[in-house]
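Shown next, in structure tokens, is the structure this report addresses.
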Amino acid sequence: MDITEGVLAPDFCLPNFEGKKVCLQDFKGSWVVLYFYPKDMTPGCTKEACDFRDNYSFLKKKRIEVIGVSRDDERSHKKFSEKYNLNFTLLSDRDGEVSKKYKVLVEKNMYGKKVLGIERSTFIIDPEGKIEKIFRKVKVENHLQEIKDFFVKVL
């Protein structure tokens, strides 16, 4: 399946840090900011998560849900969420199947070694489940502003 703006977002169910399955379709009727990030507790991922946390009230007022996905396990997400007081859903994609569906699991060069990792990406999904906007190879700096600017235009 091709992942482009205008197509239905692939549905999925993944565990949150409590082990409870959360499905994309649970958010039908709301806008969703679905973001994929490489790793809990790393500098860029921490800044990105804290930016979402700090802007959550703006997003919530507009009935926008935030879901973060990485390949970290539930225990890692729990520690990350608690340490930084994150106020949105983090989901664990241990086997990378959802990351593959969204075409964000890519080959990276890590210390001269090729490894599979998540390319930082954000998908904005409308209340009907359609992908409205895709941000690939996200740079953390100013990313939240890009998202807010998008919503100012459409809402």
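The values are calculated or read from the model by the stated rules, or taken from the named source; none is laboratory data. Owing to the predicted nature of the structure, the values given are computational and were not obtained by experimental measurement. All Cβ positions, glycine included, derive from the backbone under ideal geometry; neighbour counts span all protein chains shown. These accessible areas exclude ligands, DNA and RNA; they are computed on the full protein's heavy atoms, side chains included. Shrake-Rupley method; radii C 1.70, N 1.55, O 1.52, S 1.80 Å.
Is there a residue being of a type outside the set (G, A, S), assigned to a strand (DSSP E or B) and either surrounded by fewer than 21 Cβ atoms within 10 Å (Cβ to Cβ) or free of Cβ contacts under 8 Å to residues at least 60 places away in the same chain (or both) anywhere in the range 40-58? No, there is no match, as no residue in the range 40-58 is of a type outside the set (G, A, S), assigned to a strand (DSSP E or B) and either surrounded by fewer than 21 Cβ atoms within 10 Å (Cβ to Cβ) or free of Cβ contacts under 8 Å to residues at least 60 places away in the same chain (or both).
Read through the list (1) touching a helix residue (DSSP H, G or I) at 6+ places or on another chain (Cβ under 8 Å); (2) in contact (Cβ under 8 Å) with a residue 40 or more places away in the chain, then give the number of the only condition that F135 fails. That leaves (2) as the condition not met. Name the single residue that is most open to solvent (accessible area, probe 1.4 Å) among those in the range 24-39 being in a loop (DSSP other than H, G, I, E, B) and within 16 Å of L105 (Cα to Cα). Result: K39. Residue pairs whose Cβ atoms lie under 7 Å apart, sitting 6 or more positions apart in sequence or on different chains, and linking a residue in the range 1-17 that is over 14 Å from L91 (Cβ atoms) and part of a loop (DSSP other than H, G, I, E, B) to a partner that is modelled with pLDDT of 95 or more and acidic (D, E), are E5/E132. Of everything in the range 70-103, what is in a loop (DSSP other than H, G, I, E, B) and under 17 Å from E48 (Cα atoms)? Give them in sequence order. Across the range 70-103, the qualifying residues are R71, D72, Y84, N85, L86, N87, F88. Selection of the range 65-85 for residues being buried (at least 21 other Cβ atoms within 10 Å of the Cβ) and either aliphatic (A, V, I, L, M) or over 15 Å from the mean Cα position of the chain (by Cα) (or both) yields V66, I67, V69.
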